[in-house]
Amino acid sequence: MFNIVLVSPQIPPNTGTIGRLCVNIGATLHIIKPIGFDMDDKAVKRAGLDYWDKLDLVVWENIDDFLEVNPPSDKFHFATTKTDKIYFNDSFGKGDFILFGSETTGIDEKLLLANKDRCITIPMGEDGRSLNLGISVGIVAYEALRQNYDGFQKITIPHKG
């Protein structure tokens, strides 16, 4: 469905939670090194629960390798606090790449400046600086899913009877 890209994630439970989300929406998770933890970390697995083995995961050695194979295009969305373009005013399509930077530094400013028209943000109150990475990915990913829901595998909720 989509490509969720984490650039240098630092906190294992965030990555585990995002992996679990990716399985549930049929997204591929791309993780770009350097990573601030060992991918075998128990916290990653605990947050991902029993979903981790179902995850479509691609790990990249660095951002240059990722961008060489996946050059930025109109199918890219760069999540940042350094823009005024609200994510729900953007158009998402199947196969799009949605990039999120590390919890401590975000996406490199040079990459953002080179792709200003593809930057999106989540609105926050004036006292907020940022949101948790897992929450941010969930917010944007489910908007992308909402816009492309037709044909998505329907989830059946059993009725208690």
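Read-outs: derived from the displayed coordinates by stated rules, not from any lab. Predicted model only: the values in this text are computed from it and were never measured. Note that each Cβ is placed from the backbone with ideal geometry, even for glycine, and that neighbours are counted across all protein chains shown.
If we count chymotrypsin sites (Phe, Trp or Tyr not before Pro) as exposed when they sit in a DSSP loop and have at most 13 other beta carbons within 10 Å, what is the longest stretch of the chain that avoids them all?
Result, exposed sites excluded: 1-148.
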Segment 3-147: relative contact order in percent, alpha carbon pairs under 8 Å with at least 6 residues between: 29
Which of Thr81, Thr15, Thr121 has the fewest Cβ neighbours within 10 Å, and the rest in rising order: Thr81, Thr121, Thr15
Virtual spin-label span in nm between Asp117 and Lys33, 7 Å along Cα→Cβ: 3.5
Beta bridges by DSSP in the chain, antiparallel share as percent, to the nearest 5: 5
Choice from Pro13, Pro123, Pro71 with maximal GNM fluctuation in the chain (Cα, 10 Å cutoff): Pro71
Potential lengthening between Leu57 and Lys75 on full extension [0.36 nm per residue; Cα-Cα distance subtracted]: 4.6 nm
Alpha carbon convex hull of the chain, volume per residue in cubic angstrom: 141
Most fluctuating residue given options Gly128, Gly95, Gly16, as computed from a GNM of the chain linking Cα atoms under 10 Å: Gly128
Shape box of segment 49-131 [Cα atoms, principal axes, largest first, Å]: 39, 32, 26
